[in-house]
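Trainee: A single structure is presented below for examination.
The values are calculated or read from the model by the stated rules, or taken from the named source; none is laboratory data. All values reported here derive from a predicted model rather than from experimental measurement. Every residue, glycine as well, gets a Cβ built from its backbone with ideal geometry; the counts of neighbours run over all protein chains shown. Please note that ligands, DNA and RNA were not included when accessible areas were found on the heavy atoms of the full protein model with its side chains. Shrake-Rupley method; radii C 1.70, N 1.55, O 1.52, S 1.80 Å.
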Amino acid sequence: MKKIRIVFLIFIIFGLIFSVGGAFLCVNAFDYDNKSETTAVITAFESYRERAGGKWRTRYKTHLTYEVDGESYNNIVKMYSSSWSVGEEIEIYYDVDNPQSVGSKHTDLALFVIPCIGFFFFSSGIILMLITHKKEKMLN
């Protein structure tokens with residue numbers, strides 16, 4: 001029983017780390033106070049191979065062109081959606097102090113996955129810990 005409790009404790013700790021870390025990422029990503037929106041045109045996609053978790057995966061970079069205060073910018077970002085196509089206009093935001101720093105509210109939503117996974121592990125660990133505690137009480 002002691003080994004099982006350690007596993008459940010690891011679930012709880014892992015869940016807490018991902019929940020808090022993911023919440024911090026989300027708060028920073030969704031802080032749009034110093035950001036402004038503009039429309040960008042997708043000019044190209046670039047694919048590259050990356051080793052992740054012992055497997056090779058294909059990743060994409062998106063080439064964008066957009067204007068801020070009459071000045072044109074070309075940028076390469078690690079944002080990608082399979083629904084996007086070359087020549088398509090997408091809404092992006094940029095940092096007012098640094099227009100080269102851009103993001104997309106569309107891709108920011110993917111950040112919600114991190115705290116959700118953390119919450120799942122945390123709550124699973126708590127529930128399983130309570131169930132085993134109750135079973136131990138019943139056996140004694």
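Trainee: With the structure loaded, tell me whether Phe14 is surrounded by 10 or more Cβ atoms within 10 Å (Cβ to Cβ), modelled with pLDDT under 90 and either within 22 Å of Ile127 (Cα to Cα) or in contact with a Lys or Arg (Cβ under 9 Å, 6 or more places away or on another chain) (or both) or whether it fails that test.
Mentor: When the stated conditions are applied, Phe14 does not pass them.
Trainee: Return only the number of the condition from (1) in a loop (DSSP other than H, G, I, E, B); (2) in contact with a Ser or Thr (Cβ under 7 Å, 6 or more places away or on another chain); (3) not acidic (Asp, Glu) that Ser85 does not satisfy.
Mentor: (2)
Trainee: While we're on this one: Pick from the stretch 67-87 the residues that are more than 16 Å from Lys105 (Cα to Cα) and either among the acidic types (Asp, Glu) or open to solvent by less than 30 Å² (accessible area, probe 1.4 Å) (or both): which of them is nearest to the chain's Cα centre (by Cα)?
Mentor: Only one residue tops the list, namely Asn75.
Trainee: Separate question: All but one of (1) under 20 Å from the mean Cα position of the chain (by Cα); (2) closer than 30 Å to Leu128 by Cα; (3) open to solvent by 40 Å² or more (accessible area, probe 1.4 Å) hold for Leu9; state the number of the condition that does not hold.
Mentor: (1)
Trainee: What do you reckon, is Tyr93 within 19 Å of the chain's Cα centre (by Cα), crowded, with 16+ Cβ neighbours inside 10 Å and either more than 25 Å from Leu25 (Cβ to Cβ) or in contact (Cβ under 8 Å) with a residue 24 or more places away in the chain (or both)?
Mentor: Criteria met by Tyr93.
Trainee: Right, something else. Surrounded by 10 or more Cβ atoms within 10 Å (Cβ to Cβ) and at pLDDT below 90: which single residue out of Met129, Met138 fits that description?
Mentor: Only one candidate qualifies: Met129.
Trainee: Looking only at the stretch 88-99, decide whether some residue is of a type outside the set (A, V, I, L, M, F, W, C), outside any helix (DSSP H, G or I) and in contact with a His (Cβ under 9 Å, 6 or more places away or on another chain). It would help to see each step written out before you state the result.
Mentor: Kept after step one, since they are of a type outside the set (A, V, I, L, M, F, W, C), are these residues of the stretch 88-99: 88-89, 91, 93-95, 97-99.
Restricting the remaining residues to those that are outside any helix (DSSP H, G or I) gives 88-89, 91, 93-95, 97-99.
The next check asks that each one be in contact with a His (Cβ under 9 Å, 6 or more places away or on another chain); those that pass are 91.
Among the residues of the stretch 88-99, at least one is of a type outside the set (A, V, I, L, M, F, W, C), outside any helix (DSSP H, G or I) and in contact with a His (Cβ under 9 Å, 6 or more places away or on another chain), which makes the answer yes.
Trainee: Here's something else I'd like to know. Filter the stretch 12-36 down to the residues that are part of a strand (DSSP E or B) and more than 20 Å from the chain's Cα centre (by Cα) and list them by number.
Mentor: Once the filter is applied, which keeps residues that are part of a strand (DSSP E or B) and more than 20 Å from the chain's Cα centre (by Cα), the stretch 12-36 yields only Ser36.
Trainee: Would you check which residues across the stretch 49-61 are at negative phi, open to solvent by less than 60 Å² (accessible area, probe 1.4 Å) and modelled with pLDDT under 90 and list them?
Mentor: Applying the first criterion (at negative phi) to the stretch 49-61 yields 49-52, 55-61.
Pick out the ones that are also open to solvent by less than 60 Å² (accessible area, probe 1.4 Å) and you get 52, 61.
Scanning the stretch 49-61 gives a single hit, Ala52.
Trainee: Within the stretch 43-50, is there a residue that is farther than 25 Å from Val20 by Cα, in a loop (DSSP other than H, G, I, E, B) and without any contact (Cβ under 8 Å) to a residue 12 or more places away in the chain?
Mentor: Looking for residues that are farther than 25 Å from Val20 by Cα, in a loop (DSSP other than H, G, I, E, B) and without any contact (Cβ under 8 Å) to a residue 12 or more places away in the chain, one finds none in the stretch 43-50, hence no.
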